[in-house]
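Colleague: After the structure tokens below, expect a handful of questions from me.
Coordinate-derived values only; no laboratory data. Predicted, not measured: the structure shown is a model, and the values here were computed from it. In this analysis, Cβ positions are derived from the backbone assuming ideal geometry, glycine residues included, and neighbour counts consider all displayed protein chains.
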């Protein structure tokens, strides 16, 4: 049996030899962007590549997701390598699809290509007798929290079980036998590992009674109730002191129909973010109380729909250390920044981090997320080096009898059991009606 270092070098060389093919694949995915739960062509393309490597692919998971397993034939942990697939809606981007406005302005086409590169490197260079355990290549849909009405329709019709892709896959049992999950995200940062906030999305509808605007006393102004509630939420911020990880931001999605009519229907969309489940639960309850009591103060009514979107992300410490070591080997002189900062944004990788050890690394080579000029400017880093880093981590975890992987997988015992995770998430999702709430 080859040494671990010899196996690593073989994997690195295999991925390097595939560079031209991988970059062509990334370009193809860049040119066919699809938003969440619509990634039909992207998923089919990736499945075809995996099948060409000799893997059996389960498709139609959480609508457009898929999974293909490589089995060493020896007992050991199961490690998932994830490839996100969905695009954003950003019609102002020069590469946006002219019909849909979709564009890969967060680099998920590079993530999917990276996962395929890891599969090529592993299957092309490693024998089953050198590793123990399994590797699951999982295509994950719908990481971007957009098109909520479309996703709610899918949810209500039973086509998906959560509005975010990884949460939906969890609920379908796709990760039930997974011990460790790995992925990297491209961006304008250096190699890094950072933790993220969790988030809840809110849809709020204030209802009043319309009348002619010249005699407002005859109606109930839903806009006034919404205005008061917005002030209450703004004033709520100072009660969190110096906690810079709390975020509350929203828009008025419907502000009335005519200037000479007292509005009877005002709609808001909000997003709450916090870095722990306890904070998120408290923030959610206080936000709802502010909305309800402001509506009641002006004799209006309000309906609040809460949608748990992504749980706080906590990267496993040992996986972060392994990431840094792999980066140093793939890119000599590069030093990964390990938890030197915190990202107040959110990712549904946080849901997986609640139930198993995960690594959500940051890889350079791209522009600013969600910007109209986003592009992959260094595919050698964003795709090739990215795949090599993840492949080296797989070898480190599974080489020999997978002692390293077993040690990391043991950390799953400190995570939430699946039933408890589902209970925690479900407790954050509710529909609140002001008429059901006690008046003070």
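Colleague: Can you tell me the FRET efficiency between residue 342 and residue 99 if r is taken as the Cβ-Cβ distance and R0 is 25 Å, rounded to the nearest 0.05?
Modeller: 0.05
Colleague: First check a/c for region 10-75, with a ≥ b ≥ c the square roots of the eigenvalues of its C-alpha gyration tensor; if it is under 1.5, answer rounded, and if not, answer prolate when a/b is larger than b/c or oblate otherwise.
Modeller: Working: a/c = 2.77, a/b = 1.15, b/c = 2.40.
Cα axes put region 10-75 in the oblate bin.
Colleague: Which whole-number percent is the relative contact order of the chain (Cα, under 8 Å, 6+ apart)?
Modeller: The value is 21 percent.
Colleague: Of the candidates 319, 235, 131, which one comes out as most mobile in a Gaussian network treatment of the chain with C-alpha springs shorter than 10 Å?
Modeller: 235
Colleague: Pop the C-beta distance of residue 74 and residue 150 into the FRET formula with R0 = 51 Å and round what comes out to the nearest 0.05.
Modeller: After rounding, the FRET efficiency stands at 0.70.
Colleague: Okay, moving on. Would you mind computing, in nm to one decimal, how far apart the modelled labels at residue 31 and residue 329 are, each placed 7 Å from Cα along Cα→Cβ?
Modeller: It is 3.6 nm.
Colleague: I would also like to ask the following. Run the numbers for residue 282 and residue 371: contour at 0.36 nm per residue of separation, minus the present Cα-Cα distance, in nm.
Modeller: 28.8 nm is the gain from fully extending residue 282 to residue 371.
Colleague: Quick one: length gained pulling residue 227 to residue 5 fully straight, 0.36 nm per residue minus the C-alpha distance? Spell out each step's value before the answer.
Modeller: Values: separation 222, 0.36 × 222 = 79.92 nm, distance 6.30 nm.
Going from the current span to full extension adds 73.6 nm.
Colleague: By how many nm would the segment from residue 435 to residue 258 grow when fully extended, if each residue of separation counts as 0.36 nm and the alpha-carbon distance is taken off?
Modeller: Values: separation 177, 0.36 × 177 = 63.72 nm, distance 2.66 nm.
That pair, residue 435 and residue 258, stretches by 61.1 nm at full extension.
Colleague: Out of all DSSP beta bridges in the chain, what portion is antiparallel? Express it as a percent rounded to 5.
Modeller: For the chain, the DSSP antiparallel bridge percentage is about 70.
Colleague: Moving on. Would you mind telling me which residue in 258, 167, 403 has the biggest mean-square fluctuation in a Gaussian network model of the chain, where springs connect alpha carbons within a distance under 10 angstrom?
Modeller: Among 258, 167, 403, the largest GNM mean-square fluctuation belongs to 258.
Colleague: Okay, next question. May I ask for the distance between the Cα centers of region 310-335 and region 129-150, given as a whole number of Å?
Modeller: 19
Colleague: For region 50-182, rounded, prolate or oblate, judged on the Cα gyration tensor with a ≥ b ≥ c (square roots of eigenvalues), a/c < 1.5 rounded, else prolate if a/b > b/c?
Modeller: oblate
Colleague: Relative contact order for region 320-440: what percent, with Cα pairs under 8 Å and sequence separation of 6 or more?
Modeller: Worked out over region 320-440, it gives 26 percent.
Colleague: Need one word for region 293-436: rounded, prolate or oblate. Basis is the Cα gyration tensor (sqrt eigenvalues a ≥ b ≥ c); a/c below 1.5 gives rounded, then a/b vs b/c decides.
Modeller: oblate
Colleague: Which one, 426, 316, 71, has the greatest fluctuation when you compute a Gaussian network model over the chain with C-alpha springs under 10 angstrom?
Modeller: 426
Colleague: So what is the relative contact order of region 33-82, in percent, for Cα pairs below 8 Å that sit 6 or more residues apart?
Modeller: That works out to 27 percent.
Colleague: Given that just one value was derived from the coordinates, which of [x] 27, 60, 13, 0; [y] 25, 52, 19, 3, 0; [z] 23, 57, 19, 1 is P(r) over Cα pairs in 20 Å bins from 0, in percent?
Modeller: Derived directly from the coordinates: [y].
Colleague: Right, another one. Specify the inter-centroid distance of region 337-385 and region 70-98, based on alpha-carbon positions, in whole Å.
Modeller: 12
Colleague: Can you give me the angle between helix 317-330 and the longest principal axis of the chain, using Cα atoms only, in degrees from 0 to 90, rounded to the nearest 10?
Modeller: That helix lies at roughly 50 degrees to the long axis.
Colleague: Sticking with this structure for a sec: Sorting 311, 291 on the 10 Å Cβ count, fewest up front, what's the list?
Modeller: Fewest-to-most ranking of 311, 291: 291, 311.
Colleague: Using alpha carbons only, how many degrees (0 to 90, rounded to 10) separate the axis of helix 108-125 from the longest principal axis of the chain?
Modeller: Tilt of helix 108-125: around 20 degrees.
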